[in-house]
Ligand code: EPZ
């Protein structure tokens, strides 16, 4: 079955190594299309979203090979043609190829990446900005075709911050003719990693990590070897698991400098946190919480990807609180499943009002990646046995979550 059976009530103990960042790896894999030759990407997580991106690149003629967490991408066989439509709809991150393909080949036809349960996931910011860079874009019911002999630099003022649009526009701008300004640009660490990778390859990018990126187009980029940073959302997920199940764990390689808002919230919920040079030590349960409001925001605010896991910690703490989701319009789908486990949560608009209280085991359904991870965390802390179905959603972003949690003392198995 595509599920996980979890016997709740065991606390966690031990060390786990935090995998490489999914949301840095995906745009960096897309960026290899801009580079002729072989790039080597270290610490690239072996998760289904990355495997899917690897298939997309192979469908474009690239040759990829994996040795542990090292992925080599040889683009010498790359030839632009319509991407297999059965690939694009499955994963939103395929949209990230649009900027790179347009920059490299001058043409792309792509189906709309499609929404998902957390929101409609429109791409209007991407298309409007690519038009300003000289692309002619025809839209249809199911998708779009874009053409540009050579993209030209432009001043791009976005109406609000978009991680994906920032990434796509960086990839469109690094080989464009002239200077591109992106403002406001997303400041997420994954944007910084993408810019670092591209600068190593010869791109001219200023302002990474600030809200304003200035990119001077260059003629060519060269192959590089780059190590992807650890995944701050996976680290935050295991932090939450320890807060909820109790115990004491060390998260090796956790990128603590990129987790400030998450760590502050965890401490206000009663966790004890010690930042070490090579990771993060976490102990204690969510209890006597003084954190009664969590508001999601763009980086460096509290990450929307941490909202569902922290909802579980809030539900288990001794105190009622509320969670405001300000990034996606429908990111409370996990609430109904948590309520089946005894959680006391009501949703009004973009606010979830979370009561305190114990959870009990139940059969629950993952409906997307981070909500699925939240259900696993809830089951670890619940009294009794749970089954979390639709495990494939969780496998999109977490490397072998069952083995990792079992190694930390949790009692769970594939079902
Ligand atoms: C990225 O999604 C991440 N995905 C998401 O992580 C993350 O939650 C999100 O950024 C916010 O941090 C990857 O990096 C692969 P956005 P993205 O564009 O790029 C609206 C996970 O769990 N918008 O910053 O799609 C959009 O609908 C995933 O790992 C438009 O309206 O996020 C959303 O409401 C989930 N028009 C808001 O902006 C556009 O053209 C922010 O979206 C683009 C976006």
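No value in this document is a laboratory result; all are computed from the given coordinates. Since we're looking at a predicted model, the values are computed, not measured. Note: ideal-geometry Cβ built from the backbone for every residue, glycine included; neighbour counts use all protein chains shown.
Worth a mention:
- Inter-label distance, residue 136 to residue 297: 4.4 nm, where each label sits 7 Å from its Cα along the C-beta direction.
- Structure-based [θ]222 nm, the chain - -39500 (n - 2.57) summed over DSSP H runs of at least 4, per residue, nearest 500: -9000 deg cm²/dmol
- Prolate is the label for the stretch 132-288, because the ratio a/c of its alpha-carbon gyration tensor axes (a ≥ b ≥ c) is 1.5 or higher and a/b is greater than b/c.
- Cα gyration tensor category, rounded, prolate or oblate, for the stretch 326-415 with a/c compared to 1.5: oblate
- The stretch 194-334: relative contact order in percent, alpha carbon pairs under 8 Å with at least 6 residues between: 18
- Note on the stretch 201-296: antiparallel DSSP beta bridges, both residues inside, total approximately 100 percent of the bridges counted.
- From the alpha carbon centroid of the stretch 1-28 to that of the stretch 183-223 is 29 Å.
- DSSP-defined beta bridges in the stretch 260-415 - what % are antiparallel, rounded to 5: 60
- Between 0 and 90°, nearest 10: helix 163-173 axis offset from the chain longest Cα axis: 20
- Across the chain, the mean sequence separation of Cα contacts (distance under 8 Å, 6 or more residues apart), normalised by length, yields a relative contact order of 21 percent.
- Axis of helix 48-59 versus longest Cα principal axis of the chain: the two differ by about 20°, to the nearest ten degrees.
- Relative contact order for the stretch 260-415, counting Cα pairs under 8 Å that sit 6 or more residues apart, in percent: 16
- Calculated FRET value between residue 199 and residue 413, using beta carbons and R₀ = 30 Å, to 0.05: 0.10
- Stretching residue 267 away from residue 42 to a fully extended chain increases their span by 77.8 nm, per 0.36 nm per residue minus the current alpha-carbon distance.
- Of all DSSP beta bridges in the stretch 328-408, antiparallel share, percent nearest 5: 50
- Against the chain, whose longest principal axis comes from its Cα atoms, helix 232-245 is set at around 10 degrees.
- Gyration tensor analysis over the Cα atoms of the chain returns equivalent ellipsoid semi-axes of 37, 21, 20 Å (largest first, whole Å).
- The Cα center of the stretch 98-127 and the Cα center of the stretch 282-324 differ in position by 32 Å.
- FRET efficiency estimate (nearest 0.05) - Cβ-Cβ, residue 276 to residue 360, R0 35 angstrom: 0.45
- Sequence of 133, 1, 269 once ranked by neighbouring C-beta atoms within 10 Å, starting from the fewest: 1, 133, 269
- Extension gain for the segment residue 324 to residue 206, taken as residue separation times 0.36 nm less the Cα-Cα distance, is 39.2 nm to one decimal.
- The stretch 362-415 shape via C-alpha gyration tensor axes, a/c threshold 1.5: oblate
- A simple spin-label model places the labels of residue 260 and residue 160 2.3 nm from each other, with each point 7 Å out along Cα-to-Cβ.
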